[in-house]
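> Got a structure for you, written out below as structure tokens; questions coming shortly.
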Amino acid sequence: MTEPLTTELKKALYGWFYPYKYSLERWAYALQRISGIAVAGYFLAHIVETGNVVGGLDVWTVPSASTARDVWTATFRFLDNPLFDAGLIVIGFMLAYHTVNGIRLTLTEFGFLQGRPTRPDFPYEPKSFTKAQRALFWLSVLFAAATAVYALNVFFGV
Amino acid sequence: MKESTKMLLHYITGIGIVVAGGVHVFTVFFTGPYLQNLAFNGGPYSVIAVYRNLLLAATLELLLIFVDYHALNGIRVILIEFHQGTNWERGVSWILTVTGILLLVYGTRTILIANALA
């Protein structure tokens, strides 16, 4: 620990958001992290949001169905606007990317699609990022884009 | 818990989310008009109908447990990659564990009460 915490955090975040001379694998990593944080944020909001299905934070016994319905309908009306819909499209993209790229990472974790170890030569491309891995990465981007287009159609009826 | 156990659980819950989350997304978007499915009641897959269906409610509870662990462990991994040190790692783990339990309790409350709604 040679540097103060804030300097380290700044450096780490800078590394993600300044993708200068990134390899494809590094892009995959940065996107996985960013999408993970985005979806975790959505999860938090979603738990609070769906809590209103039964009437919100202070309801801990079974309320009457009409109370619950009123609170949920009000919540839904509040959330049903172009700003949140656009947010959901972004979340859809992030979630789809995180899913397929996550499957790639799981396969990697358990030793699949790794290729054989070889001598490192210039230009030192990551050898573990095999053709199958690249294909899965691009598949995740494609799937994410398709999800975003689908969500665009659902929310804005393009 | 060993770091490797935590990561193994991370991958297992990840696979679990693909399955349970798939069911969740399917019931909301692919079983009829999305607006009808997000209405309080009315359709076969409206909000309350899903919570009252024991199998679907159980799937939601599983999804809640999986995502809760996966999300908070993911944040833990990111935070201990940013900075290392016993106090930092302990503090991060404690705060995230408490957050995770609170989220789990609140989400489970929603599922249980919604399941019992008259």
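Every number in this text was worked out from the coordinates using simple rules, so none of it is lab data. All of these numbers come straight from a predicted model, not from anything done at the bench. Neighbour counts run over all protein chains shown; Cβ positions are idealised from the backbone, glycine included.
> For residues in the range B:1-36 being among the polar types (S, T, N, Q) and within 11 Å of chain A (Cβ to nearest Cβ), which is surrounded by the fewest Cβ atoms within 10 Å (Cβ to Cβ)?
Going through the qualifying residues, I end up with B:SER4.
> Here's something else I'd like to know. Tell me, which helices (runs of 4 or more DSSP H) wholly within the range B:3-110 include 3 or more residues that are touching a residue at least 40 places away in the same chain (Cβ under 8 Å), of a type outside the set (S, T, N, Q) and more than 27 Å from A:ASN101 (Cα to Cα)?
B:47-52
> If the Cβ limit is 8 Å and pairs must be 6+ apart or interchain, which residue in the range A:35-51 that is facing chain B (nearest Cβ under 7 Å) and within 20 Å of A:ASP70 (Cα to Cα) pairs with which residue that is assigned to a helix (DSSP H, G or I) and among the hydrophobic types (A, V, I, L, M, F, W, C)?
So the pair list comes out as A:ILE47/B:LEU64; A:ILE47/B:LEU103.
> Follow-up question, since we're still on this one. Return the pair list, or none, for Cβ contacts closer than 9 Å from residues in the range A:132-146 that are of a type in the set (D, E, K, R) to residues that are surrounded by 14 or more Cβ atoms within 10 Å (Cβ to Cβ), at least 6 apart or on different chains.
Qualifying pairs under 9 Å: A:ARG134/A:LEU24; A:ARG134/A:GLU25.
> Only one residue in A:LEU13, A:LEU105 is closer than 23 Å to B:ARG76 by Cα, facing another protein chain (nearest Cβ under 10 Å), in a helix (DSSP H, G or I) and without any contact (Cβ under 8 Å) to a residue 24 or more places away in the chain. Which one?
Criteria check complete, one pass: A:LEU13.
> Next question. Could you list all residues from the range B:47-67 that are surrounded by 19 or more Cβ atoms within 10 Å (Cβ to Cβ) and more than 8 Å from chain A (Cβ to nearest Cβ)?
Within the range B:47-67, B:VAL50, B:THR59, B:LEU60, B:LEU63, B:PHE66 meet the criteria.
> So A:ALA86 ticks every box in (1) of a type in the set (A, V, I, L, M); (2) under 26 Å from B:THR99 (Cβ atoms); (3) more than 10 Å from every other protein chain (Cβ to nearest Cβ) but one. Which box is left unticked?
Evaluating A:ALA86 over (1) of a type in the set (A, V, I, L, M); (2) under 26 Å from B:THR99 (Cβ atoms); (3) more than 10 Å from every other protein chain (Cβ to nearest Cβ) leaves (2) as the failure.
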